[in-house]
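First comes the structure, then the notes that go with it.
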Ligand SMILES: C[S@@+](CC[C@H](N)C(=O)[O-])C[C@H]1O[C@@H](n2cnc3c(N)ncnc32)[C@H](O)[C@@H]1O
């Protein structure tokens, strides 16, 4: 199987645990160090390959299963990504994705940061479109014989309540850290206020406990047409 935009291998590692032969690819190879360590500790073999989801360095029909968990959705050219996922999957194979829902909490989070970051280039599509069933049907078209889309929710828990949640993102989440790094102090302070207000408004955790924010996503399972 191939895990696209694998990051540090959360999905790839789970697949390798089942005995699958796994390739993990990502645009950001710095993420592989943590994945390699986790694989080594668990005695698992994974091949790590630096690759853009829009231009995968693999042969046609090379894999039985392709996965991407909140990963390929971030590449700007959605059609190129869908074409690549289909191309490297064997006929009759499976493509599984986890994508944030089009109208869920991620949309609100992106809105907070959109006011403080440069606009995306005009040819980039919104990542939220990967959570829209109609758009998914169009992207895969008649190259898939079935397309199952199931909505679900996961909860992010971070110690320290809403403030701890914001600080965690600022320290560990690349796009958030990069946005802050490019801002003058006054604007960074304004973003702090907006981000904290988002986290406080959407926190469903206990008072004085960890922040709990619930993100809606869709689980997508497509079967490529068998020849
Ligand atoms: C939220 S992380 C998810 C990582 C992993 N799938 C997981 O579930 O933990 C998003 C990942 O997408 C990767 N990514 C973003 N754009 C990409 C692209 N065009 N091609 C490949 N990977 C990309 C990032 O480098 C990052 O590792």
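Report yes if some residue within the range 185-201 is under 30 Å from residue 83 (Cα atoms) and out of contact with any strand residue (DSSP E or B) (no Cβ under 8 Å at 6 or more places or on another chain); otherwise report no. No, the range 185-201 contains no residue that is under 30 Å from residue 83 (Cα atoms) and out of contact with any strand residue (DSSP E or B) (no Cβ under 8 Å at 6 or more places or on another chain). For the range 56-77, a residue qualifies if it is surrounded by fewer than 22 Cβ atoms within 10 Å (Cβ to Cβ) and over 19 Å from residue 32 (Cα atoms), and the qualifying residues are 59, 60, 61, 62, 64, 65, 76, 77. Scanning the range 54-65 for residues being within 15 Å of the ligand (Cβ to nearest atom), in contact (Cβ under 8 Å) with a residue 60 or more places away in the chain and out of contact with any strand residue (DSSP E or B) (no Cβ under 7 Å at 6 or more places or on another chain) gives a total of 0.
In the range 177-202, the residues that are without any contact (Cβ under 8 Å) to a residue 40 or more places away in the chain form Cβ pairs under 8 Å with partners that are surrounded by fewer than 14 Cβ atoms within 10 Å (Cβ to Cβ) and assigned to a helix (DSSP H, G or I), at six or more places apart or across chains, as follows: 177/171.
Of everything in the range 1-52 that is assigned to a loop (DSSP other than H, G, I, E, B), at negative phi and within 11 Å of the ligand (Cβ to nearest atom), the residue that is surrounded by the fewest Cβ atoms within 10 Å (Cβ to Cβ) is 28.
Just one of the listed residues (192, 132) is within 18 Å of the chain's Cα centre (by Cα) and either on the phi < 0 side of the Ramachandran plot or surrounded by 15 or more Cβ atoms within 10 Å (Cβ to Cβ) (or both), and it is 132. The one condition from (1) within 13 Å of the ligand (Cβ to nearest atom); (2) within 18 Å of residue 136 (Cα to Cα); (3) in a loop (DSSP other than H, G, I, E, B) that residue 103 does not meet is (1). For the range 211-225, the criterion of being more than 24 Å from residue 132 (Cβ to Cβ) and loosely packed, with under 14 Cβ neighbours inside 10 Å is satisfied by no residue at all.
Residues are listed down the side, and each one gets a yes or a no for (1) in contact with a helix residue (DSSP H, G or I) (Cβ under 8 Å, 6 or more places away or on another chain); (2) more than 9 Å from the ligand (Cβ to nearest atom); (3) within 19 Å of residue 138 (Cβ to Cβ):
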{"position": "67", "(1), (2), (3)": "yes, no, no"}
{"position": "70", "(1), (2), (3)": "no, no, no"}
{"position": "73", "(1), (2), (3)": "yes, no, yes"}
{"position": "78", "(1), (2), (3)": "yes, yes, yes"}
{"position": "81", "(1), (2), (3)": "yes, no, yes"}
{"position": "84", "(1), (2), (3)": "no, yes, yes"}
{"position": "88", "(1), (2), (3)": "no, yes, no"}
{"position": "94", "(1), (2), (3)": "no, yes, no"}
{"position": "107", "(1), (2), (3)": "yes, yes, no"}
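Can you tell me which residue among 217, 168 is closer than 28 Å to residue 72 by Cβ, within 16 Å of the ligand (Cβ to nearest atom), without any contact (Cβ under 8 Å) to a residue 40 or more places away in the chain and touching a strand residue (DSSP E or B) at 6+ places or on another chain (Cβ under 6 Å)? On inspection, the qualifying residue turns out to be 168.
Throughout, read-outs are computed from the coordinates displayed, never taken from laboratory work. Quantities reported herein were computed from a predicted structural model and do not represent experimental measurements. Cβ sites come from the backbone with ideal geometry, for glycine too, and all protein chains shown count toward neighbours.
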